Amino acid sequence: MEENKASRTKREYDFSKGVRGKFYQANVRLRLPGYLDEDVSRFILEVARRKKSDPQTVVNKLLRDNKEDPLGSLGAPMYSELIRCQLEDGFKHVE
């Protein structure tokens, strides 16, 4: 018979020998993953393949080149065209 998880939980735990900050490391930079929608992911992978680059470089370049106008206040069609041009022309220097 399977044990109930609640029955394995103690009423109290002894932390008297615990060490505060044992695993803390100052100035650690966390690299958070980014999750893309399937269509966007396919697009980025295709651009990376064409430019003989990697997806991380493609995404970083897109974001860096557009960080002044991240929400596309230029208007969606114009903004999309801007990104398309950057993808086609702006990666010539990417190794």
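One table, with the values for the structure above:
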{"read-out": "Leu71 vs. criteria out of contact with any Lys or Arg (no Cβ under 8 Å at 6 or more places or on another chain), in a loop (DSSP other than H, G, I, E, B) and at pLDDT 60 or above", "value": "yes"}
{"read-out": "Selection from the stretch 15-64 of residues that are of a type in the set (D, E, K, R) and assigned to a helix (DSSP H, G or I)", "value": "Glu38, Asp39, Arg42, Glu46, Arg49, Arg50, Lys61, Arg64"}
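The values are calculated or read from the model by the stated rules, or taken from the named source; none is laboratory data. Source: prediction; values computed, not measured. Note: ideal-geometry Cβ built from the backbone for every residue, glycine included; neighbour counts use all protein chains shown.
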